[in-house]
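The values are calculated or read from the model by the stated rules, or taken from the named source; none is laboratory data. If you're wondering where the values come from, they're calculated on a predicted model, not measured in any experiment. Here the Cβ is made from the backbone with ideal geometry for all residues, glycine too, and neighbour counts use every protein chain on show. We work out accessible area using only protein heavy atoms, side chains counted, and drop any ligands, DNA or RNA first. Shrake-Rupley method; radii C 1.70, N 1.55, O 1.52, S 1.80 Å.
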Amino acid sequence: MDVSASLVAGLLIALFAIFTVIRAVRIVPQARARNVERLGRYHKTLTPGLNLVIPYIDRVHPQIDLREQVVSFKPQPVITEDNLVVEIDTVLYFQVTDPRAAFYEIASFLQAVEQLTVTTLRNVVGSMDLEKTLTSRDTINSQLRGVLDEATGKWGLRVNRVEIKAIDPPQSIKEAMQKQMRAERDKRAAILGAEGQRQSQILTAEGDKQAAVLRAEGNRTAAILEAEGQSRAIDEVFQAIHRNDPDPKLLAYQYLTALPQLAQGQGNNFWVIPSEITTALQGVSKAFSESLPPSPATRAKPPADDEAAAKAADDTAEAAQAAAEAVADAAEADRRPPGV
């Protein structure tokens, strides 16, 4: 019995020693920290790695995460300056920089940060109207971060960022905003349509103007070229007539040959024979009865045979006779009543 009792006692002592050693060794993971109290007072903070403590004398508290943490708070009702209640949902990014202060300076730093965020948010948004609140998220974020970082510094916390996830106005305000946006879009669409139509009309008018200018320039160039052509033609005819030294008899003959062309119009129901026709006929008859005077044209040609000259004179006489008959026929046609 004594041996059995001694064996049991030794076994118990060994187990107690092993358990004591296990309690004396504490391993802390990376980016974690644990506070140690010795006889009820803060002694030290265990850093990541292997740490030794005195069992039954030192008390090791739970781990504190030193990484950056993200906390999303539920939407909070906030009253704006124009007495509208909006729901604001926020996200907070913070990090524990002093495990001792985070554990001993405040009971629950997460709850404290949440309540501080809500109160600060109400103070900041309460000085803004709804429109400014919806368009000033960066301003709200910066003000919240400044206030929270200053207040949580003594708690061993550092607020890195504060983001507003959503700002939800009342349903009636949403409907009014949607109507306003539709009206603004319709207004912009009407303005763009009017601007497009005005631009189209301006471009069309510019095109018509340029086309008219080009047509006028083309017509002017054509008229100038036509006038120059007529001028050159008249000049050439005039120079040719003067080089050949014409006499009044040739002009009278040309006058007679042009008279039938004047009576060939479809609308000529009445034709007045000029009084100069008698003088022209006399001049032509006299020209055929007399010999032709010498001229540059006749001097340039060699003298023709008598037979050829007689034939030319006969042809000329026949032409004059045909011209006289054509004039007489035209005069007779003018004297007839229409429809006969």
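What the table below lists for this structure:
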item: Matching residues in the stretch 38-50 - criterion: being assigned to a strand (DSSP E or B), surrounded by fewer than 15 Cβ atoms within 10 Å (Cβ to Cβ) and not hydrophobic (A, V, I, L, M, F, W, C); result: R38, R41, Y42, K44, G49
item: A24 being among the small types (G, A, S), in contact with a Pro (Cβ under 6 Å, 6 or more places away or on another chain) and closer than 30 Å to V159 by Cα; result: no
item: In the stretch 51-76, the residues that are closer than 19 Å to G126 by Cβ and open to solvent by 60 Å² or more (accessible area, probe 1.4 Å); result: P75
item: Some residue of the stretch 2-21 being among the acidic types (D, E), assigned to a strand (DSSP E or B) and without any contact (Cβ under 8 Å) to a residue 60 or more places away in the chain; result: no
item: Flag for A151 being closer than 23 Å to V70 by Cβ, of a type in the set (A, V, I, L, M), out of contact with any strand residue (DSSP E or B) (no Cβ under 7 Å at 6 or more places or on another chain) and not in a helix (DSSP H, G or I); result: no
item: Search result, residues across the stretch 16-30 that are within 26 Å of E68 (Cα to Cα) and loosely packed, with under 13 Cβ neighbours inside 10 Å; result: I27, P29, Q30
item: Which listed residue, of R137, R122, R100, R145, is basic (K, R), open to solvent by 50 Å² or more (accessible area, probe 1.4 Å) and touching a residue at least 60 places away in the same chain (Cβ under 8 Å); result: R100
